[in-house]
Every structure is written in structure tokens, then in C-alpha cells.
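Taking it in order: structure first as C-alpha cells, then the write-up.
The values are calculated or read from the model by the stated rules, or taken from the named source; none is laboratory data. The structure displayed is predicted, hence computed values, not measured ones. Every residue, glycine among them, receives a Cβ derived from its backbone with ideal geometry; neighbour counts consider all protein chains shown. Heads up: the accessible areas ignore ligands, DNA and RNA and are worked out on the full protein's heavy atoms, side chains in. Shrake-Rupley method; radii C 1.70, N 1.55, O 1.52, S 1.80 Å.
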Amino acid sequence: MKKIILVLLAIITMSSYAQKGFVIKGYVPSLPDGTVVGVGENEDSITECASAVVKNGRFILKGSVKHPVIGTLTTNNLDLIEKNHWPDDSIHWNYIDMFISNDEITVDKDLKIHGTQIQRDYDELLNMGEWRDNDSLAWKFINTHPTSVVSAMLVNNMLKRGYGLQKAEVERLAKAITAVPDDPSRFEEYKWRVEYARKTTVGAELIDLEIYDKDNKITHLKDVVPQDGRFVLIDFWASWCGQCLAAFPKLEKLGEKYKDGFTIIDLSIDVKDNAWRNAMNKHPQKWQQYRTTAQGYNDLFTKYQIGNGVPYFVMIAPDGKVMKSPQSVEEIEEILKQHL
């Protein structure tokens, strides 16, 4: 009952936050009348939140987000080009990184965003350099902003590395955020991500997933992983993933080269059965073939916390424990060279 109440309170809090909405006012004299200004989020999803047309250098954007999220403010003159029959080389866009929150926000004549502490924190991070996939820069920011929405975003991203973190790394992340007053829902996300990350550290047991076999019968990943003393690679892929398909021939060569001590399980995350089967027919592999059920798919992205989708690899040692999540076929080969 307590858990249900907490969930309901979280839903009510998010709903109340969304009802508040944002108002973004701008005065940019350099933008011609008719310029389209838009704002959209690109963190949880890629979604346009609001748009407006510039008049006398001014515009107002109104909308809402469920919680503060990374987004982009854009301006473009495409409508003006079509209306005036200007050449294509007249196209002009502006892209301004921002953190969208349900507050009053202003945009100055230089297209700088003002109005919230979250935005000031995000600007500070942006001024530090390219923060994506840069742990040292992220930690530099987090250590001095333990309650910032931006810090929580960075930590949650670092936790999305299923079987790619050591226990010590997870525990460091578990102590990084003390609270997130400006985004309680992100703090709740942080807490459950830490708990799942503790179960998917290097050397941990394999988290089970519900899957379909080729006969469309439901089984479980743990039940199909061989326990015969060989190394096992689980190759998560999808029919729409070019990188996944390109990896098949390389993996096949590795499978042949190390067949006495190594095997592969191909596990598609395709939602549609036909897409999976068509891809298998076009790219036949002799390894075991499976596909995630709807539940298995959800568990992969939550319990495993894979941040970048597929291709995604999990290498299992002969003792059944997960060695790590290799980042490439080349890294898989290095592991096999060391042990076989």
C-alpha cells in the first residue's frame, strides 16, 4: 500500500508540474518578421513543445514538460524563403542548447537563455566543453553541484551502462546525488537506476529476460545460455540496425575460429515478428536465434540500463558470470585471445 501511495504522489506531483507550464519570451531584433521559433525536448524523446512566429523581433512560446529536460531552441526562415522565392542558400537556422523547465524564461538579443538556475547550471556545463561520454568532465561538474538537475542527468546517463561498471564505480555514483529539489522525479529515477546498476556490475549474475524462440514459444534467457564450460556472447541486435547487421560476418568468423571454447546467442529486440524473421532469412546465422517479448524488451532497457540501444554485447564466462559488455567485435576478439 505504501508503494502505491508513493507512486500516486509522484504522478500527482508530475501532473501538477506539467500544468504549471513554461513561458519563453524573446526579443531578438536581428530576426526578420515571419521567422519561425520553436522549442523541443530531445532527452526523454524528440518532441516539439511549442512554436511561434517572430513579429517586430518578439516571440512568445508557451507549453509544458513533465519535468525539466534537455532541449533545443531553434529559429528558421523556411517559410520566408518559400513565400519570397529566395534561393536555397538563403536558408538560415539557429540551434541553442537549453534546459526546458516550466518557468518564465527569456531569450535576449544574442539568443542567450536566461531565467532559471537549471539553465545557469547547464550553461556552466556547456562552457566546460563537450560533456557527452566525458566522465572526467562530468565528475568535475557533479562534485561541485550535488543537488543540481544537471548533475542528476549526468549521473543517470553514466548509470546506463549495463554490465559496463565496476562495483566501486556504481557505489561512487550512488553517493553522488544528495537530492534534486528542482526535479524530484529525476531523483526517483536516480535511485532506481542505482539499484539496478548494483545488479549489473562486471562479474555479476546474468539478469534474466523473457524471450521468444523461433517457434514463438516463450522461454527465458538464463535457460538458453549453455553451461558447458564455453564462453558465451549474447549479441543483442535488430533488423533496422545497420551496425548490427554489419557485425554478423565478423562474429561468424570469430565463432568459427574459437568454436571449441566459444558460442554466440543472437537476441533480436525487434518488436515485430515479421521484421525479425525477414532479417534472419536475409542474414542467416547458425547460432541460436531468439527475440525479446514485450516484457523482455522493457526489462532490457530498465534492468540492464542500456543507454545507446543496439548493437549491445554481453560476454559470459564459463562459470556463468558476466565478464563485461564489450563495446566492439574487436574487443570481443581481444577477450577470446586472452582466454582461448
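Computed values, structure above
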{"read-out": "Selection from L154, P181, I113, by position along the positive dipole direction of the chain (Cβ)", "value": "P181"}
{"read-out": "Accessible surface of segment 31-158 [probe 1.4 Å, protein heavy atoms]: carbon and sulfur percent", "value": "48"}
{"read-out": "Other-chain or far-sequence residues with amide H under 5 Å of I306's (modelled H)", "value": "G162"}
{"read-out": "Portion, in percent, of the accessible area of segment 198-271 that falls on carbon or sulfur, probe 1.4 Å", "value": "47"}
{"read-out": "Sites excluded, GluC sites (Glu not before Pro) in DSSP loops with at most 13 other C-beta within 10 Å, longest stretch of the chain", "value": "206-340"}
{"read-out": "Amide H partners (placed H, <5 Å) of D270, local residues excluded", "value": "S239, T292"}
{"read-out": "Segment 174-275: trypsin sites (Lys or Arg not before Pro) falling in loop per DSSP and having at most 13 other Cβ within 10 Å", "value": "K175, K214, K217, K259, K272"}
{"read-out": "Distance violations [Cα-Cα > 21 Å] among K259/K303; K25/K112; K20/K160; K222/K253", "value": "K259/K303; K20/K160; K222/K253"}
{"read-out": "Residue-averaged [θ]222 nm for the chain, counting only DSSP H segments that reach four residues, each worth -39500 (n - 2.57)", "value": "-11500 deg cm²/dmol"}
{"read-out": "Karplus 3J(HN,Hα) series, Hz, for segment 302-318 with 6.51 cos²θ - 1.76 cosθ + 1.60 (x for Gly, Pro)", "value": "9, 5, 7, 6, 8, x, 10, x, 10, x, 9, 10, 10, 9, 10, 6, x"}
{"read-out": "Per residue value of the accessible surface for the chain (all protein chains in place, 1.4 Å probe), Å²", "value": "53"}
{"read-out": "The chain, Cα convex hull volume normalised per residue, Å³", "value": "184"}
{"read-out": "Only Lys, Arg (+1) and Asp, Glu (-1) charged, at Cβ; the chain dipole about Cα centre in debye", "value": "700"}
